[in-house]
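Below is one structure, written out as structure tokens, with a few remarks after it.
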Amino acid sequence: MKRKINFNPGPATLPVSVLEQVAAAILSYEDTGISILELPHRSKAFKAIIEESKDLVRELCGIDNNYEIVWLHGGGRQQFCMVPANFLPSGATAAYIDSGYWAHEAMEYAQYYGSTQIVASSAPEQYTRLPQWPEAIPANAAFLHLTTNNTIYGTQWHHTPLSSVPVIADMSSDILSRKHDYSQYALFYAAAQKNLGTPGVALAVIHKDLLKTANKQLPPLLSYAAQVQQNSIVNTANVSGIYTALLMLRWIKNTGLYVIEADNLSKAALLYNVLDNSTIFKARVAETTHRSLMNVCFTATSKQHESALVALCEENNIVGIEGHRHTGGFRVSLYNALPLHDVALLAELIQAYERSI
Ligand SMILES: *Cc1c(COP(=O)(O)O)cnc(C)c1O
């Protein structure tokens, strides 16, 4: 079966070289004679996978030994729970920047644990832009939660000012897509299925100073401190998922973060440029400095043009360009593993369609 060009938002496309290595490991993982699907989570071989992955995260994110690194179950939403469970004490509030669907949902989850406050929101503009950075954070805020890339609405924080309270960042859809100052965050996390691998796994990186303040009355599975202490194997880890993330980290390192960033810039520029010159298709986000390099969201002037582009893509082996059920229109996801020539093909199709009518 011919491999499709996959613009899905997540689970997202993976590099073929990574898929080939996973395929081989499913039959036998290195010289163990057993499958990666069968590999014990307390084996030496898996410990080596964990250690190498942590070394790579530290190196690629440019963070020092003051940060702890863990692999956790439950994807992004489990982090929506763990963050307030660990770091929102009673009497304090949690400040959330409401920049999109996930940003808002993260806050809704936190409300099960304590008090929250929206300190900036672009909901009144249907999230078509980033909100103004908050001028003041409540004095009793335990942390400020930020979603660095708004996967559904296609906005992204390219620069964020410093904050008076610890910043916790959901980087699920743009981690390691660019050079970035990760040390500005007290904690950052990412569901793996966009830029880092497969669903169900999340990476969390936590500064030791923040960790010291964590709630001690939590079941170990939901406690960052317990996960750190037991090196991500409080219970049976997602061995194959974490191995796939390691392969992605190796791929990012071998490609080079600067090269990845330059490629991501080129891919997004190509598509936005076509949209900005189109009379039929229009980017949802007008403000160029607010636009996401990862998720390019756009609409058509009519349903007919919309269906025509979907059909054209189907004919050309392209999947995954439909917008989220909340927004409609189109969303083209350009994560690290997506090659420039695939974006060029889509750009050409859009232009050819426009010429044909
Ligand atoms: C995809 C995504 C999530 C949700 O991840 P799940 O693993 O499905 O819970 C959270 N935050 C952001 C920014 C995302 O893009």
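Taking the Cα-to-Cβ direction at GLU354 and at GLN184 and moving 7 Å from each Cα, how far apart do the two end points lie in nm?
In this crude label model, GLU354 to GLN184 measures out at 3.3 nm.
Give me the percent of accessible area attributable to carbon and sulfur for segment 16-255, probe 1.4 angstrom.
About 52 percent, which is the carbon plus sulfur part of the accessible surface.
Looking at the chain, what % of its DSSP beta bridges pair antiparallel, to the nearest 5?
55
Mean separation of Cα pairs under 8 Å and 6+ residues apart, divided by the residue count of the chain: what relative contact order is that in percent?
22
Share of segment 256-356's accessible area from carbon and sulfur, percent, 1.4 Å?
53
Which whole-number value in Å² is the accessible area per residue of the chain, probe 1.4 Å?
Accessible area per residue: 43 Å².
Over what distance in Å are the Cα centres of segment 246-314 and segment 135-182 separated?
What the calculation gives is 21 Å, centre to centre.
List the trypsin sites (Lys or Arg not before Pro) in segment 273-337 that DSSP assigns to loop (not H, G, I, E or B) and whose Cβ has at most 10 other Cβ atoms within 10 Å. Which are they?
ARG325
For segment 266-357, what's the relative contact order in percent, using C-alpha pairs closer than 8 Å and at least 6 residues apart?
Contact order relative to length: 33 percent.
For SER302 and GLU315, compute 0.36 nm times the residue count separating them, minus their Cα-Cα distance, and round to one decimal in nm.
The SER302-GLU315 span can extend by a further 2.6 nm.
Which value at 222 nm does the chain reach when only helices count, each DSSP H run of 4 or more adding -39,500 (n - 2.57), with the total divided by all residues and rounded to the nearest 500 deg cm²/dmol?
Per the formula, -11500 deg cm²/dmol.
The values are calculated or read from the model by the stated rules, or taken from the named source; none is laboratory data. Only a predicted model underlies this, so the values are computations on that prediction, with no experimental measurement involved. Glycine also receives a Cβ, built like all others from the backbone with ideal geometry; neighbour counts cover every protein chain displayed. These area figures cover heavy atoms from the full protein model, side chains too; ligands, DNA and RNA do not enter into them. Shrake-Rupley method; radii C 1.70, N 1.55, O 1.52, S 1.80 Å.
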